[in-house]
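First comes the structure, then the notes that go with it.
Where a number appears in this text, it was derived from the coordinates with a stated rule and is not lab data. Only a predicted model underlies this, so the values are computations on that prediction, with no experimental measurement involved. Here the Cβ is made from the backbone with ideal geometry for all residues, glycine too, and neighbour counts use every protein chain on show.
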Amino acid sequence: MRKTADWIGLWLFKKSYIQEKDIGQISFALEVVINNFVTFSTIALIGFITKNIFYTLLFLFVFIGFRTIRDQYHADTFLKCYTQTIGLYLFCISISHFSSSNYQPLMAVVVTTINVLMLFIYEGRIKGDVRFLLNDKFIINYLMLCLICYLLVLKSIPDIALFLSLLEFMIAVTSITFIDRYD
């Protein structure tokens, strides 16, 4: 990916679309765009092939939304990022689809409760400043998604609740547990 982005950056410079000093920044931006395009195109393709369009759109909406708000953990290479993101998608799809429908409500409630409890762990790491939690868009959206998961279970839609709670759990693991790594 980096070589392709560098090649495009040099081509843009040779065509006088950018200045030489901007090649590095443009190449980096192109690399990010190409990486995201490849990753999300793969997810969309898998969703289309497996006829999971709704879950795919839900995954992209929640994943991109949370990554936009709290963009802390990054894999070292494109391949690691790609495999982690695709793996997260496949994990959420497979657990929510292949788990017994008898256990889905319980699993959704347990995972959502763990998600809520993770906030207490996070709150302890920031030395008890609850005002920080209330002003954090990530935390507010995180709690709203937990509430939505509980409501989906009450409305007898446990497969979507389980899918969302698993996705939220994995996002929390990378966003909350790695907070000290980048602060």
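Of the trypsin sites (Lys or Arg not before Pro) found in region 17-106, those that fall in a DSSP loop while having at most 16 other beta-carbon atoms within 10 Å are K51. The label point for T77 and the one for L151, both projected 7 Å from the Cα toward the Cβ, are 4.3 nm apart. Loop-resident chymotrypsin sites (Phe, Trp or Tyr not before Pro) (DSSP state other than H, G, I, E or B) in region 12-82 with no more than 12 further Cβ atoms inside 10 Å of their Cβ: Y17. Excluding same-chain neighbours fewer than eight residues apart, the lysines reachable from K21 by a Cα-Cα span under 20 Å are K3.
Length gained on full extension, N102 to Q84, computed as 0.36 nm times the residue gap minus the Cα-Cα distance: 3.6 nm.
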